[in-house]
Each structure stands twice: as C-alpha cells, then as structure tokens.
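Below is one structure; the comments refer to it alone.
Bear in mind that the values in this text are calculations on the coordinates, not laboratory data. Please read all numbers here as calculations on a predicted model, not as lab measurements. Virtual Cβ from ideal backbone geometry, glycine too; neighbours counted across all protein chains shown.
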Amino acid sequence: MHIKIYLYLFSSILLLASCDKIITLPIEDNDSKVVIEGNITDQTGPYFVKLSRSIKLDEANIYPVIENGTIVISDNTGPKDTLIYSSGGIYRTRFLRGIYGRTYSLEVNVDGKKYTAQSTMPYRVTLDSLRINIFPVNGKNQYSIIPVFLDPLELGNSYRFIQKINDTLDKNYNIFNDNLNNGKINQRPLNNGNKDITIKNFDIVSVEMQCISASASVYYYTLSQQGGAGPGGGTAPTNPPNNISGGALGLFSAHTTQTKLIQIPIY
C-alpha cells in the first residue's frame, strides 16, 4: 500500500515537472500623454519649455512635438510672460527673470486642456571648487569628482549635478540632499561614469551644480532608481512623481545653476 502511494506521488511530480506552460501577461497599451519639460534658472533668459507627447511601448523613440500649445509663466510678484513658439516643440520666454526665492507658476493649454505647475527657486549655494578623488582598482588609478560646497545650516537643501567628460554627457543621475551632512562641507563624490564613459588622465570634466526644489529632487531620484531596472537591480519602470497637475508627464523646475571645469593630471 505504501509503495503504491509513493509511486503515485512520484509519477505526479514527474508529470508536473514535464509540463512547461508559457504564460503571456497582457500588456495594456499606454495612452499618449502630454510631456512638459520646463526650466527657469538664475541665469539671464530666455528660458524654455518643451511640449511633446509620450509614445506607445512598441513605438520607436520618436516623440511627437506639440506646436499649437499656449504657455504662460508668472512669478508671485505679478509679471506674466506668454511664451513664443520657436521650433521642435520648444517655446521661449520674452522678458521673465529667474530670481531666488520667487515662486513661478506655469500654465499650459493644449487642445482645450489645461496643465499647471509651481516651483520655487531655492537660494544659491556656491560651488567653491572641484576636487579629484583617486581610488586604486586592480592596481590602476580610477577617478571621480567631488564638488566642494558648504551646505547651509538650514535643513532641506537638494542638489543635482550634471557631469560631462570631454563634452560627453554622463547620463548618471547625481542627486544629493543634506539629510546626513547638513551644514557641512560636501565630501561625497559623483558617480564615476559607466562602462562606456569613465574619467581618465588628461580628461576635462565639467560639473554643473543645480540647487533644486524638493519636488525636483524626488523626480530625479526616482529616475535614478529606475536606471538599473531589470535583472539584478533597479525598480519597475513607472512615471516618476512630478509637480504638474492635469495628468501631464515631465517636470517644471526653477533652480540655480553654476558650472566649473577641472582637468585630470597624471598621477
């Protein structure tokens, strides 16, 4: 009796193991949405807003631009600037000025639908210099860049750093905040490129430092976490949270900007 039960169980296991069923998960077609990419900085204008549309999952990475939108940007002191269409879905301001501490309101109208956003420009934190960080790997020197700046005593500052190596954009997202080093001199290096772009002797590295809002920090941090999506790391791709109401994708950011260069010598 026991032998029959064992034989029955064994044959059942073999049967289950031999049945490989291919399961196809249904993927819903994503609706096309308006994409808004707008920036106001503390540098002299004009400033630009780009309008485009998202595409379906199975389409080529060619995003249709929007040429018939109406865009108005104002600040909390009163001035309103109606942007002028340029080309390629890009609209430019006429007289608006980016000033620390002011809150900028964006209103976009496309095909009878309105999208709005607000962003307050943080006060500027000075990028003092760039420092070269040297670390040996397998007997060879590798390099990363440390932006040197003093974080203010007030908690809640966020920073974005854009790195270029010999004018080639490093697509890594470098998003810092002062949760752990509030009021201190920064000692954190930037991400050191990737397998396709690394810092070598004689390279010229430029670093743009942006003081960004909390909403921009969350947006870019979410993008950085999705950069490694797939087997072995990262998160499932999704639309990052933004500050635009009405269902549009993208981001409207008022931020400061400053850039410094450094060349890597032979060590």
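Note on Thr77 and Asn239: the model spin-label points, each 7 Å out from Cα along the C-beta direction, lie 3.5 nm apart. Put in order of Cβ neighbour count within 10 Å, fewest first, the listed residues Arg131, Arg94, Arg160, Arg102 become Arg94, Arg131, Arg102, Arg160.
Computed from the Cβ-Cβ distance with R0 of 22 Å, the FRET efficiency linking Thr126 to Lys171 stands at 0.25. Full extension of the chain between Arg53 and Glu154 yields a length gain of 32.5 nm, computed as 0.36 nm times the residue separation minus the alpha carbon distance.
Taking the Cα centroid of segment 155-213 and of segment 35-51, what is the distance between the two, rounded to the nearest whole Å? If you average the Cα positions of each part, the centres end up 21 Å apart. You can think of it this way: the chain between Tyr100 and Ser32 has 21.0 nm of extra reach, that is 0.36 nm per residue less the Cα-Cα gap. Listing Leu127, Leu249 from fewest to most neighbouring C-beta atoms within 10 Å gives Leu249, Leu127.
Summary value for segment 34-120: 27 percent relative contact order, contacts being C-alpha pairs under 8 angstrom separated by 6+ residues.
Beyond a 20 Å Cα-Cα separation, which of these cross-linked pairs lie in this structure: Lys50/Lys80; Lys140/Lys164; Lys200/Lys260; Lys164/Lys200; Lys50/Lys113?
Details: Lys50/Lys80 18 Å; Lys140/Lys164 22 Å; Lys200/Lys260 18 Å; Lys164/Lys200 13 Å; Lys50/Lys113 17 Å.
Among Lys50/Lys80; Lys140/Lys164; Lys200/Lys260; Lys164/Lys200; Lys50/Lys113, the Cα-Cα distance tops 20 Å for Lys140/Lys164.
Across segment 82-228, the volume of the C-alpha convex hull divided among the residues equals 171 Å³ per residue.
Would you mind calculating the gained length between Phe135 and Glu107 on full extension (0.36 nm times residue separation, minus the Cα-Cα distance), in nm to one decimal? The partial results should precede the final answer.
On the way: separation 28, 0.36 × 28 = 10.08 nm, distance 4.79 nm.
The Phe135-Glu107 span can extend by a further 5.3 nm.
Between Asn201 and Lys164, the simple label model (points 7 Å from Cα in the Cβ direction) yields a spacing of 2.6 nm. From the largest down, segment 34-120 spans 44, 26, 21 angstrom on the principal axes of its Cα atoms.
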